[in-house]
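Comments concern the structure below.
The values are calculated or read from the model by the stated rules, or taken from the named source; none is laboratory data. What you see is a predicted model; the values in this text were computed from it and never measured. In this analysis, Cβ positions are derived from the backbone assuming ideal geometry, glycine residues included, and neighbour counts consider all displayed protein chains.
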Amino acid sequence: MLIGEVARRSGVSARMLRHYESLGLLRPSGRTGSGYREYSGDDIRRIFHIESLRSLGLSLREIRRALDDPGFTPSALVDDLIRQTRERIAAETDLLTRLRRIDAAEPAGWEDVLQVVAVLQALGSKSPAARQRAALSAGDEVPVEALVEAVLRETEPNVAGALRWALARSGADGTALLAKGLDSPVAAVRERAVRSLAELAGDEPTAHLRDALAHPDVVVRGHAALALGTRGAADAIPVLIDMIVDGRNDTDAADALSVLAGDTATADRIADGLVSRLGTGTSTGTPTGAESGAGAGAAQRLHAVGGPAGQSTRGTTEAPARVRLTQSLADIPGDTASRALIELSQDEDRAVAVTATYLLRLRDAP
């Protein structure tokens with residue numbers, strides 16, 4: 001079969017067939033009497049083998065080695081091709097993302113395009129100082145997706161703070177994107193997402209923070225509860241009390257509870273919740289006159305966990321946690337907290353009793 005016929009049937013141009021021959025990759029088996037190249041059936045099969053390997057991304061040098069070296073094994077080469085392909089896809093994906101962000105910025109001219117590109121490059125810089133400058137100088141031209149992505153990947157605390165500030169200042173709604181970060185398999189990303197949501201005002205961020213109170217990640221729950229506490233959301237109270245028991249940001253949690261204790265009903269609920277965690281047990285006695293009224297429920301539980309009766313059943317609550325819970329009653333107003341401190345001042349745990357006595361003196365001070 002002559003070269004023209006081979007080109008027509010194989011789809012490989014005559015010029016490319018001559019190029020293969022010049023590289024020693026393909027040699028026609030014979031020549032006609034007039035000197036024209038003549039290809040055999042084996043030559044045609046080799047052409048299809050060459051084209052098949054080219055479709056996998058192999059270079060012509062690699063193809064020649066694969067076809068001519070009997071000892072050649074494809075596994076290492078295929079692994080290398082997989083790596084190269086992944087790198088190429090990642091690069092193309094990055095380019096596509098950058099182009100979409102430039103399009104989202106709606107540039108009016110090439111100067112605007114160049115400005116967006118410069119900011120995006122700075123946000124991806126290896127220099128923390130460059131990233132921080134980019135965050136502090138970011139304006140409306142930076143798409144919210146770029147800021148959210150930068151926030152979720154940032155490891156430097158100062159840069160992360162600047163990025164959260166830029167995101168909150170931008171006025172763009174990145175809430176949904178940040179909420180997706182709460183489902184990340186990486187714990188650090190989940191924490192960055194909830195901390196960023198905590199700095200966004202509005203009903204939607206607050207709704208996502210409320211959902212995060214039931215998140216399986218204890219760190220996410222804690223940051224959500226602290227943020228909701230400052231927003232007056234009473235549904236954060238159980239998580240805040242858990243934080244005090246566990247000793248995780250317990251001072252901040254106690255401060256948040258004191259902010260929430262603005263009305264009598266909520267203050268009594270908080271005091272009741274703190275007392276319930278001081279230990280376990282069941283009171284079978286009837287409250288005395290000093291225990292009646294708003295503080296009766298708390299007083300009953302305290303009789304079960306320790307007090308003048310001397311019949312204590314503290315359960316599994318550790319001593320340091322009991323001290324933290326007692327300290328947290330300090331800034332909770334109302335009779336329930338006061339009666340609880342009176343009971344605790346006679347607790348069999350000396351650290352708890354001393355703490356409660358000191359707090360009572362502060363409450364009685366003018």
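Summed over segment 225-248, residues that are over 18 Å from residue 337 (Cα atoms), surrounded by fewer than 22 Cβ atoms within 10 Å (Cβ to Cβ) and touching a Ser or Thr at 6+ places or on another chain (Cβ under 8 Å) total 2.
Of everything in segment 137-151 that is farther than 25 Å from residue 182 by Cα and either in contact with an Asp or Glu (Cβ under 7 Å, 6 or more places away or on another chain) or not acidic (Asp, Glu) (or both), the residue that is surrounded by the fewest Cβ atoms within 10 Å (Cβ to Cβ) is 139.
Quick check: is even one residue across segment 238-260 more than 21 Å from residue 321 (Cβ to Cβ) and either outside any loop (DSSP other than H, G, I, E, B) or among the basic types (Lys, Arg) (or both)? So far as segment 238-260 goes, yes, one or more of its residues are more than 21 Å from residue 321 (Cβ to Cβ) and either outside any loop (DSSP other than H, G, I, E, B) or among the basic types (Lys, Arg) (or both).
Restricting attention to segment 331-366, the residues being buried (at least 23 other Cβ atoms within 10 Å of the Cβ), assigned to a loop (DSSP other than H, G, I, E, B) and of a type outside the set (A, V, I, L, M) number 1.
Do the conditions hold for residue 111, that is, is it of a type in the set (D, E, K, R), at pLDDT 85 or above and part of a helix (DSSP H, G or I)? No. Only one entry of 264, 206, 251 meets the criterion of being surrounded by fewer than 22 Cβ atoms within 10 Å (Cβ to Cβ) and in contact with a Gly (Cβ under 6 Å, 6 or more places away or on another chain), and that entry is 264. Please specify each residue of segment 33-59 satisfying the condition of being within 18 Å of residue 85 (Cβ to Cβ) and surrounded by 12 or more Cβ atoms within 10 Å (Cβ to Cβ). Passing the criteria: 53, 54, 56, 57, 58. In the set (1) touching a residue at least 40 places away in the same chain (Cβ under 8 Å); (2) loosely packed, with under 15 Cβ neighbours inside 10 Å; (3) on the phi < 0 side of the Ramachandran plot, the condition left unmet by residue 158 is number (1). Would you please name the residue that is modelled with the highest pLDDT, looking only at residues in segment 1-55 that are of a type in the set (S, T, N, Q) and in contact with a helix residue (DSSP H, G or I) (Cβ under 9 Å, 6 or more places away or on another chain)? Of everything passing the filter in segment 1-55, 13 is modelled with the highest pLDDT. Go through 131, 100, 83 for me and flag whichever is assigned to a helix (DSSP H, G or I), of a type in the set (Lys, Arg), within 22 Å of the chain's Cα centre (by Cα) and not assigned by TED's automatic domain parsing to the domain that holds residue 28. Only one candidate passes the filter, namely 131. Report, by residue number, each residue of segment 89-130 that is of a type in the set (Gly, Ala, Ser) and in contact with an Asp or Glu (Cβ under 8 Å, 6 or more places away or on another chain). Once the filter is applied, which keeps residues that are of a type in the set (Gly, Ala, Ser) and in contact with an Asp or Glu (Cβ under 8 Å, 6 or more places away or on another chain), segment 89-130 yields 104, 105. A search for C-beta distances below 7 Å between a residue of segment 174-187 that is closer than 17 Å to residue 147 by Cα and any residue that is outside any helix (DSSP H, G or I), counting only pairs 6+ apart in sequence or on different chains, returns 175/200; 182/215. Within segment 281-297, the presence of at least one residue that is charged (D, E, K, R), assigned by TED's automatic domain parsing to the domain that holds residue 362 and either under 21 Å from residue 357 (Cα atoms) or at pLDDT 50 or above (or both) is confirmed. Of the residues making up segment 176-211, those that are part of a helix (DSSP H, G or I), farther than 20 Å from residue 232 by Cα and not hydrophobic (A, V, I, L, M, F, W, C) are 180, 181, 190, 191, 192.
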